[in-house]
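Every read-out reported here was derived from the displayed coordinates using simple, explicitly stated rules and does not represent laboratory data. Worth saying up front: this structure is predicted, and the values here are computed from it rather than measured. Glycine gets a Cβ as well: all are built from the backbone with ideal geometry, and neighbour counts include every protein chain shown.
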Amino acid sequence: MPDVKVTAVTPDTAIDVVGLVKRYSNSPVNAVDGISFSVRRGECFGLLGPNGAGKSTTIGVLTTRIRPTGGSAFVDGVNVVADPVRARSRIGVVPQRNNLDRSLTIRQNLLFHARYHGVPAGQRNARANALLAQFALTDRADDKPDRLSGGQAQRVMIARALMHSPPVLFLDEPSTGLDPAARLFVWDRIRELAESGVTILLTTHDMDEAETLADRVGIIDHGKLLALDTPQALTHSLVGSATLDVVVHFDGAFPSSAQASARPSPTAEISPRPDGDVLAELGQLDGVVRVERIAPDGPGLRARLYLTGDPARLVAPVAELVATCGGKLSDVRLGTPTLEDVFIHLTGRALR
Amino acid sequence: MSLVRSPARSGAGHAFFAILGRDIVATGRELPIFLAQVGLQPLFLLFIFGKILTTLGYATGDYAKLLFPGIVALTAALTGLQSTALPLVVEFSWTKEIEDRLLAPLPTWLVGVEKMVFAALRALVASLVMFPVGIGVLGSIPWRLGGLGLLVAVLILGALIGAAIGLTLGTLVPPNRIQIMFALILTPLLFTGCNQYPWPSLSHLRWFQVITAMNPITYVSEGMRAALTPFIPHIAPWICLVGLLVSLAVFASLGLWGFLRRAID
């Protein structure tokens with residue numbers, strides 16, 4: 001590994017991991033089992049997987065705290081194994097657990113972090129003040145960390161990690177254990193950072209978090225990277241898991257609430273077709289994998305269409321077809337697959 | 001948030017002193033607690049053995065002269081030990097607060113060296129405090145300007161050895177055993193370090209003399225006697241210094257090895 005040179009990395013790559021393996025001395029299996037991926041500069045990259053999947057171990061290697069068993073890892077062009085000292089100056093790390101310095105105040109936590117990283121004295125105070133304000137911590141600046149809530153501690157840790165302006169930021173499960181409001185606040189700050197050009201690698205077992213924040217998501221389980229793409233591409237890759245639920249009414253069968261707004265139908269002269277025929281024709285539409293009739297819990301024909309692509313694009317063709325059959329769409333519900341569905345598809349089990 | 005990197009002063013040395021500064025600020029905030037923590041035990045040892053026993057006639061006045069250098073030696077070594085062992089267990093296992101320093105741009109073993117250096121500084125302060133305490137409790141203390149160089153060398157080495165033993169224990173003993181460790185190791189260290197008796201006088205108790213020769217604190221005590229009370233029989237200063245340097249090399253290597261093992265998985 002020491003022979004791997006910096007030239008292995010292109011200038012617009014912020015993180016480059018090749019064939020990473022980690023086996024802990026007391027374990028019979030690899031915690032990380034041959035993972036490869038790279039993260040572009042300015043990208044927000046999410047590692048999504050259940051607890052114990054190998055996410056934190058991967059971050060541990062990239063942040064120089066865990067020595068890999070095999071493979072190579074570069075951060076900002078620096079080999080983290082061969083030159084951990086230089087790598088540390090390029091990264092900010094926000095751990096999963098509160099590790100704030102309890103002997104120091106919040107402000108001192110930021111200032112000493114900056115001193116460790118050699119930020120000049122003249123810049124330290126201004127930067128601490130700016131970050132305290134950005135993370136809504138100004139009025140807590142002189143408190144000790146043990147008086148903070150979980151959300152506040154998380155904000156302090158992010159602010160601290162940014163004190164030396166690292167080009168790459170690692171966030172290990174940034175919103176685990178936070179209440180919804182604190183979570184949204186942290187998400188907003190992470191988005192701001194991503195927009196400002198900081199490269200972000202975050203781990204999460206929360207699909208919403210991955211979907212909301214990450215430009216690309218790597219799905220990881222049992223130490224292996226199972227899939228890697230944008231959240232949209234990952235979910236679109238699931239053939240037949242996007243759905244379109246439709247309710248079709250034929251003339252004279254509209255529920256009373258819909259009747260008020262019902263205009264004379266241009267297809268009134270077309271006689272309604274049997275339900276079975278309509279379902280069969282829906283099944284013939286381009287992009288429809290199969291059609292299922294849903295047990296009616298109200299009037300009308302209810303069906304679920306399983307699609308290959310974006311359900312929104314099928315609304316117009318479906319409405320047109322229903323009209324030619326003498327009916328009218330009275331309700332439409334789009335169901336897009338989530339990353340959770342992708343995870344279930346890949347591993348055969350739920351994320352949590 | 002600006003992306004422009006601040007022109008950081010790089011260098012492991014800078015990070016080392018920044019971390020040392022952190023420890024000094026953290027201890028400075030609780031100076032009275034620190035002094036009570038490290039000063040109370042030697043104060044009572046001096047008071048009971050040096051003052052009460054001699055006043056009651058169970059020991060002669062000379063015993064206080066013999067005891068004082070040993071108590072200063074004990075303070076240096078044990079304060080060093082206590083300033084690394086327990087804090088390391090707490091920082092690695094519970095608060096995790098050492099992590100931010102382990103991510104500072106300096107080699108990880110230097111963070112361990114800083115722990116030792118800072119613990120030795122605490123130990124030196126504590127042992128220096130023993131001089132006015134000794135005057136207060138005993139009325140007068142043995143003092144010899146000619147021994148100053150040896151005294152400084154022995155105290156610095158003794159403080160560093162205490163810190164290195166603490167580093168070893170704090171990183172190699174499993175966190176849930178640390179209480180047992182203190183009982184099983186601290187007490188024997190406390191009584192086999194020739195603090196309360198001079199080593200040459202043990203020649204009648206050969207087996208015990210051999211045991212005490214294996215405790216590094218013995219060489220601190222004997223070195224202190226050579227510096228302050230040369231009229232009391234003591235181990236030759238050069239043997240003390242060699243013994244101290246060897247002990248320091250052994251325990252510092254062990255301690256730093258343990259530190260690296262805890263710091264990097």
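If you build the Cα gyration tensor of the stretch B:13-263 and take the root of 5 times each eigenvalue, what three semi-axes come out, in whole angstrom, biggest first?
On the way: eigenvalues 203, 72, 57 Å².
Here the semi-axes work out to 32, 19, 17 Å.
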What does the convex hull of the Cα atoms come to per residue for the stretch A:71-121, in Å³? 102
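Output the pairs from A:LYS144/A:LYS224; A:LYS144/B:LYS115; A:LYS22/B:LYS96; A:LYS55/B:LYS96; A:LYS22/A:LYS144 with a Cα-Cα distance over 31 Å in this structure; if there are none, say none. Write down the numbers at each step before the final one.
On the way: A:LYS144/A:LYS224 40 Å; A:LYS144/B:LYS115 22 Å; A:LYS22/B:LYS96 22 Å; A:LYS55/B:LYS96 19 Å; A:LYS22/A:LYS144 36 Å.
Distance filter (> 31 Å) returns A:LYS144/A:LYS224; A:LYS22/A:LYS144.
Could you sort B:256-263, B:71-78 so that the peptide with the highest average Cβ count within 10 Å comes first and the rest follow in order? Don't skip to the end; give the middle numbers.
Working: B:256-263: 18.5, B:71-78: 30.0.
Highest mean packing first, the order is B:71-78, B:256-263.
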The set of residues whose placed amide H lies less than 5 Å from the amide H of A:VAL289, leaving out same-chain residues fewer than 5 positions away, is A:TYR306, A:LEU307, A:THR308
Fluctuation leader among B:PHE17, B:PHE251, B:PHE92 - chain B, Gaussian network, Cα springs under 10 angstrom: B:PHE17
Sorted by packing (mean other beta-carbon atoms within 10 Å per residue), highest first, where do B:174-184, A:223-233, B:215-225, A:86-96 land? B:215-225, A:86-96, A:223-233, B:174-184
Ranked from highest to lowest mean number of other Cβ atoms within 10 Å per residue, what is the order of the peptides A:109-115, A:160-166, B:43-49? A:109-115, A:160-166, B:43-49
Taking the Cα centre of the protein assembly as shown as origin and charging only Cβ (+1 Lys, Arg; -1 Asp, Glu), how large is the dipole, in debye to the nearest 20? 2700
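Work out the mean other chain Cβ neighbour count within 10 Å for the residues of B:91-99 and drop it here as an integer.
Numbers: counts 3, 0, 0, 0, 9, 5, 9, 2, 8.
Per-residue shielding by partner chains comes out at 4.
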Residue by residue through the stretch B:116-125, the couplings from Karplus 6.51 cos²θ - 1.76 cosθ + 1.60 with θ = phi - 60°, in Hz, x for Gly and Pro, are 5, 4, 5, 4, 5, 4, 4, 5, 5, 4
If the convex hull of the alpha-carbon atoms of chain A is projected onto planes in all directions, what is the mean projected area in square nanometres? 23.7
For B:ILE24, the net charge from surrounding residues (Cβ-Cβ under 15 Å; K, R +1; D, E -1) works out to +2
Give the long-range amide H neighbours of A:GLY92: residues separated by 5 or more places, or on another chain, with amide H under 5 Å away, using H modelled in the peptide plane at 1.01 Å from N. A:VAL168, A:LEU169, A:PHE170
Along the stretch A:127-140, what does the Karplus equation 6.51 cos²θ - 1.76 cosθ + 1.60 (θ = phi - 60°) give for ³J(HN,Hα), rounded to whole Hz, x for Gly and Pro? 5, 4, 4, 5, 6, 4, 5, 4, 9, 6, 10, 4, 7, 9
Eigenvalues of the Cα gyration tensor times 5, then square-rooted: what semi-axes does that give for the protein assembly as shown, in whole angstrom, largest first? 71, 23, 22
Residues whose built amide H sits under 5 Å from the amide H of A:VAL217, excluding neighbours closer than 5 in sequence, are A:GLY46, A:ASP229, A:THR230
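Roughly how crowded by other chains is peptide A:100-106, in terms of the mean Cβ count from those chains within 10 Å of each of its Cβ atoms?
Details: counts 5, 9, 5, 10, 6, 1, 0.
Shielding by partners across A:100-106 averages 5.
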For the stretch A:42-51, Karplus-derived ³J(HN,Hα) couplings (6.51, -1.76, 1.60; θ = phi - 60°; whole Hz; x for glycine and proline) come out as x, 7, 10, 10, x, 9, 10, x, x, 4
Cα-only Debye scattering, the stretch A:101-200: base-10 log of I(q)/I(0) at q = 0.12 Å⁻¹: -0.36
Looking only at the stretch A:85-102, which residues have a backbone nitrogen under 16 Å from a spot 7 Å from the Cα of B:ARG29 in the C-beta direction? A:99-102
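Per-residue mean of other chain beta-carbon atoms within 10 angstrom of the beta-carbon, peptide A:79-87?
So the per-residue partner count for this stretch is 2.
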Across B:PRO42, B:PRO32, B:PRO233, the residue with the highest GNM fluctuation in chain B (Cα network, 10 Å cutoff) is B:PRO32
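Treating only the Cβ atoms of Lys and Arg (+1) and Asp and Glu (-1) as charged, compute the dipole magnitude of the stretch B:7-122 about its Cα centre; round to the nearest 20 debye. Let's see the in-between values first.
Details: 9 positive and 8 negative charges, 38 e Å.
For this selection, approximately 180 debye.
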